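Novice: What follows is a single structure, and I will ask about it in a moment.
The values are calculated or read from the model by the stated rules, or taken from the named source; none is laboratory data. Remember, predicted model here, so these are calculated numbers, not experimental data. A quick note on method: Cβ atoms are made from the backbone with ideal geometry, for glycine too, and the neighbour counts reach across all protein chains shown. For the accessible areas, the whole protein counts, side chains as well, though only heavy atoms, and no ligand, DNA or RNA atoms are used. Shrake-Rupley method; radii C 1.70, N 1.55, O 1.52, S 1.80 Å.
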Amino acid sequence: METARKQVADLIGADPREIIFTSGATESNNMAIKGVARFYQAKKRHVITTQTEHKCVLDSCRVLESEGFSVTYLPVQTNGLVDLELLEASIRPDTSLVSVMTVNNEIGVTQPIKEIGHICRSKGVFLHTDAAQAVGKIPLNVSTWKIDLMSISGHKIYGPKGVGALYVRRRPRVRMEPLQSGGGQERGLRSGTVPTPLAVGLGAACSIAQQEMEYDHHRVTMLANRLVQKIMAELPDVLMNGHAEQRYPGCVNLSFAYVEGESLLMALKDVALSSGRFGIGRFTTEDEVDYTAEKCIQQVRRLREMREKLYRSDVRETPLTASSRVITRSRRHTTPSLSRCLRRHFVWSRQPAERREREQEKKSDDCVHDPNLSVFVNKKISVRPHRNVVIFA
């Protein structure tokens, strides 16, 4: 088991004595956030995190709020990265901990943890990072990056499920209040018998990841580029979410205009993915990437055609009745037929110019063209360009 501890430590540039075995990254995150905050609560009762953290981090912060702690949830910029100036300005004299994820598990952006670490160290604040999506995939060094606590997951690097680790710096020492009492295993921070086979499996996975990291990263990058290029070459109006360069390539998050993520997810039942997110790993093949791209292209086209047919049907058969409610693109509080009809108006604006001209010739006398928004709208609708809001008069 001590060999496994050293293998984990070597992967992140730590001392083996700083590695605490846990049941996974969720437990590690809970231990780090609650443990540090509670130990230093006599003098410091403020914690900083971001709004895009994993649920276990956000829930741990909410538990601290219920105990009287103050928590600042920083927003991220449009590219998914945290604003360093805002983070530094948010640090207070009573701030004990900053927790920021290394690689986001949804859109794959890589936060500037090294810069955050130097900011926190200069302010005398501990830095915790959830590195479940980063360890073994990108180079990490807790010493040069000034990281005080790091959460690690076993199955994210092809190790066993049910095991993870928490890096806890010894010098300068980080003090924590244990979440559970018992025999005092793992430096007294995590009582309970350590599952030796799982710990050994985690160590072996870390050793393999360290050897194969450069090759894996190169191959995953190639496959990710292949997937994105195939999809974007065949489909218009596709957006990659997050920073274009500061990201881990194995997490591809795409938005397809005029297609609901849940609808596409149901249409791609034979492909393992979440809403808009494609995961590419060590064992992904080129054939799987090609198949996924072809299926995605096919289903997006089908769903867009279905929505266009629904729109045409709504325009012909469903009159727009008076309403005083406000409709936005993200939240629509009207009847389904009215909502569908409204969405179709926005779809028309993105059609090729020749098609728009043909549709304009066919439009009824009840429709007018608003040059400010480049959409066809019913005369009963008052369109205000402010914040993409449509108000029914």
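Novice: Go through the residues of region 240-249 one by one and say whether even a single one is in contact with a Phe, Trp or Tyr (Cβ under 9 Å, 6 or more places away or on another chain), surrounded by fewer than 19 Cβ atoms within 10 Å (Cβ to Cβ) and within 19 Å of residue 104 (Cβ to Cβ).
Specialist: no
Novice: So, in region 19-60, of the ones that are open to solvent by 20 Å² or more (accessible area, probe 1.4 Å) and either under 21 Å from residue 197 (Cα atoms) or not assigned by the TED database to the domain that holds residue 116 (or both), which residue ends up nearest to the chain's Cα centre (by Cα)?
Specialist: Checking each candidate, the answer is 26.
Novice: May I pose another question? Taking the conditions exactly as written (under 22 Å from residue 177 (Cα atoms) and either touching a strand residue (DSSP E or B) at 6+ places or on another chain (Cβ under 7 Å) or modelled with pLDDT under 95 (or both)), does residue 42 satisfy them or not?
Specialist: When the stated conditions are applied, residue 42 does not pass them.
Novice: Within region 131-189, track down each residue that is buried (at least 16 other Cβ atoms within 10 Å of the Cβ) and among the hydroxyl-bearing types (Ser, Thr, Tyr).
Specialist: 151, 153, 158, 167
Novice: If you take the residues in region 100-115 that are touching a Gly at 6+ places or on another chain (Cβ under 8 Å) and of a type outside the set (A, V, I, L, M, F, W, C), which one is most open to solvent (accessible area, probe 1.4 Å)?
Specialist: This residue is 104.
Novice: Keeping to region 292-309, report how many residues are within 15 Å of residue 229 (Cα to Cα) and open to solvent by less than 100 Å² (accessible area, probe 1.4 Å).
Specialist: Number satisfying all stated conditions: 5.
Novice: Follow-up question, since we're still on this one. Considering region 218-227 alone, what residues qualify as being crowded, with 16+ Cβ neighbours inside 10 Å and either more than 13 Å from residue 284 (Cβ to Cβ) or among the β-branched types (Val, Ile, Thr) (or both)?
Specialist: The answer is 220, and nothing else.
Novice: Of the residues in region 249-277, how many are closer than 15 Å to residue 238 by Cβ and of a type in the set (Lys, Arg)?
Specialist: Number of matching residues: 1.
Novice: Of all the strands (runs of 3 or more DSSP E) wholly in region 2-110, which have at least 3 residues that are touching a residue at least 12 places away in the same chain (Cβ under 8 Å) and closer than 28 Å to residue 246 by Cβ?
Specialist: Once the strands (runs of 3 or more DSSP E) in region 2-110 are filtered for at least 3 residues that are touching a residue at least 12 places away in the same chain (Cβ under 8 Å) and closer than 28 Å to residue 246 by Cβ, what remains is 46-50, 70-74, 95-99.
Novice: Here's a follow-up. Take the conditions over 27 Å from residue 82 (Cα atoms) and touching a helix residue (DSSP H, G or I) at 6+ places or on another chain (Cβ under 9 Å) and apply them to residue 230. Does it pass?
Specialist: It is true that residue 230 is over 27 Å from residue 82 (Cα atoms) and touching a helix residue (DSSP H, G or I) at 6+ places or on another chain (Cβ under 9 Å).
Novice: Additional query: Inspect region 116-126 for any residue being open to solvent by 10 Å² or more (accessible area, probe 1.4 Å) and within 20 Å of the chain's Cα centre (by Cα) and give the result as yes or no.
Specialist: no
Novice: Then there's this: Quick check on my filter: what residues within region 190-217 are without any contact (Cβ under 8 Å) to a residue 24 or more places away in the chain, open to solvent by 30 Å² or more (accessible area, probe 1.4 Å) and within 29 Å of residue 178 (Cα to Cα)?
Specialist: Matches in region 190-217: 193 only.
Novice: Taking region 270-291 as the region of interest, how many residues are of a type in the set (D, E, K, R) and surrounded by 15 or more Cβ atoms within 10 Å (Cβ to Cβ)?
Specialist: So the count comes out to 3.
Novice: Right, something else. On the basis of being closer than 30 Å to residue 160 by Cα and buried (at least 23 other Cβ atoms within 10 Å of the Cβ), does residue 63 make the cut?
Specialist: So residue 63 fails the test.
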